[in-house]
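**Student:** Take a look at the following structure, please.
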Amino acid sequence: MGRVEGKVAIITGGAGGIGAATARLLAREGAKVVLTDINDDNGRKLADEIGGTYHHQDVTDEAQWSSLVKSVESAHGALNILVNAAGIEGDVSGGTPENASYAEWKRVHAINLDGTFLGCREAIPAMRRAGGGSIVNISSIVAHFATPFTAPYGSSKAGVRHLTMSVAHHGAADKVRCNSVHPGLIRTRMLENIHATRARDTNKDFDAARAMSLARVPMGELGEPEDVAYMILYLACDESRYVTGAAFNIDGGWNLN
Ligand SMILES: NC(=O)c1ccc[n+]([C@@H]2O[C@H](COP(=O)([O-])OP(=O)(O)OC[C@H]3O[C@@H](n4cnc5c(N)ncnc54)[C@H](O)[C@@H]3O)[C@@H](O)[C@H]2O)c1
């Protein structure tokens, strides 16, 4: 028996680094995985690889959320797990509170925060119908710190943390749990892009830009997407049945600074 045997899981951003690692792990532990993303090629490939299904979904589209949850319930009979992993870093060069455009501010919040809200709102009644469920929202360690170069990103992730607490409180009596996961520096496309941009902006090479970030991490190394996926697995399965509204850092000790 897998740790999430027979449970039905939607994973947004499932074609990307952390979402894809989570999809593989939940599938290996027996879940019926429904991946969604806007990157159709990677999403379809991964769904085939793990024996799951893929849906094209832009998480900012309200109508797509309701048709997705309806189709998952009718295909699989229930929705038990939702992992809100879709996210963007935004414009890493122009993200100071002084320079960020209003359009960019809204774009980052639309995907990272509004997309997570729409997912929670749609999942709550479906999970209630299923007798309970688990929502895992991917925030970031920067929800707790100032983010002078990526102010829209930091604000959106702090919003995800607050939303998580509201959803957890609202859903508790119906056993609809909601927790947030706060990754630090995890080796994915997003982090590569942040380091490449920081290297260009500071006239350093890529390794030097990465070393500057790593200097803040007591363990002195990057995390892997699987490190985050293992925490999500715990929160998704019944081992965490009494855990809700909590925040989990997966950051090699960055939060200690
Ligand atoms: N990598 C890190 O160091 C790190 C640290 C903290 C938090 N996070 C968070 O983890 C989550 C996953 O990021 P990742 O590092 O795997 O990056 P990634 O870019 O590899 O994956 C993100 C995925 O989201 C998808 N996506 C983007 N916009 C979308 C939209 N509008 N609708 C649906 N899907 C969309 C992308 O296509 C991609 O597949 C994000 O929420 C990110 O903010 C990452």
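**Student:** Can you give the extra length, in nm with one decimal, that the chain gains between Tyr242 and Tyr230 once fully stretched, where that is 0.36 nm per residue apart less the Cα-Cα distance? Write down the numbers at each step before the final one.
**Tutor:** Values: separation 12, 0.36 × 12 = 4.32 nm, distance 1.78 nm.
Full extension from Tyr242 to Tyr230 adds 2.5 nm.
**Student:** For segment 84-143, which GluC sites (Glu not before Pro) are both in a DSSP coil and crowded by at most 10 other Cβ atoms within 10 Å?
**Tutor:** On the way: sites: Glu89, Glu98, Glu104, Glu122; in loops: Glu89, Glu98.
In loop regions of segment 84-143 (DSSP not H, G, I, E or B), the sparsely surrounded GluC sites (Glu not before Pro) are Glu98.
**Student:** Pull up the cross-link candidates among the lysines for Lys106, meaning alpha carbon to alpha carbon under 23 Å and not fewer than 8 places away within one chain.
**Tutor:** Lys157
**Student:** Helix-only mean residue ellipticity at 222 nm, the chain, DSSP H runs n ≥ 4 weighted -39,500 (n - 2.57), per residue, nearest 500. What is it?
**Tutor:** On the way: 9 runs with 116 residues, N = 257.
That comes out to -14500 deg cm²/dmol.
**Student:** A further question follows. Compute the Cα gyration tensor for segment 127-255, then decide on rounded, prolate or oblate, letting a ≥ b ≥ c be the square roots of its eigenvalues: rounded whenever a/c is under 1.5, prolate when a/b is larger than b/c in the other cases, and oblate in all that remain. Could the numbers behind the result be given before it?
**Tutor:** Numbers: a/c = 2.95, a/b = 2.14, b/c = 1.38.
Prolate is the answer for segment 127-255, as a/c is 1.5 or above and a/b outweighs b/c.
**Student:** Reachable lysines from Lys7, Cα under 24 Å, same-chain residues fewer than 8 places away excluded?
**Tutor:** Output for Lys7: Lys32, Lys45, Lys70, Lys175.
**Student:** Note the direction-averaged projected area, equal to a quarter of the hull surface, for the Cα convex hull of the chain, in nm².
**Tutor:** Numbers: hull surface 52.9 nm².
Average of the hull's projected areas for the chain equals 13.2 nm².
**Student:** To the nearest 0.05, how large is the calculated FRET efficiency for Arg129 and Asn203 if R₀ is 45 Å and r is the Cβ-Cβ distance? Show your work: numbers first, answer last.
**Tutor:** Values: r = 56 Å, r/R0 = 1.24.
That gives a FRET efficiency of 0.20.
**Student:** Please rank Met1, Met219, fewest neighbouring Cβ atoms within 10 Å first, as an exposure proxy. Numbers along the way, then the final one.
**Tutor:** Values: Met1 7, Met219 13.
Ascending number of Cβ neighbours within 10 Å: Met1, Met219.
**Student:** I'd like to compare 191-204, 52-65: which one has the highest average count of other Cβ atoms within 10 Å, and what's the full order after that?
**Tutor:** Details: 191-204: 15.4, 52-65: 17.8.
Final packing ranking: 52-65, 191-204.
**Student:** Based on the Cβ-Cβ distance from Ser74 to Asn99, what FRET efficiency comes out when R0 is 35 Å, to the nearest 0.05?
**Tutor:** Values: r = 47 Å, r/R0 = 1.33.
Efficiency for this residue pair is about 0.15.
Throughout, read-outs are computed from the coordinates displayed, never taken from laboratory work. Bear in mind the structure is a predicted one, so any value in this text is a computation, not a measurement. Reconstructed Cβ throughout: ideal geometry from the backbone, glycine too, with neighbour counts over all protein chains shown.
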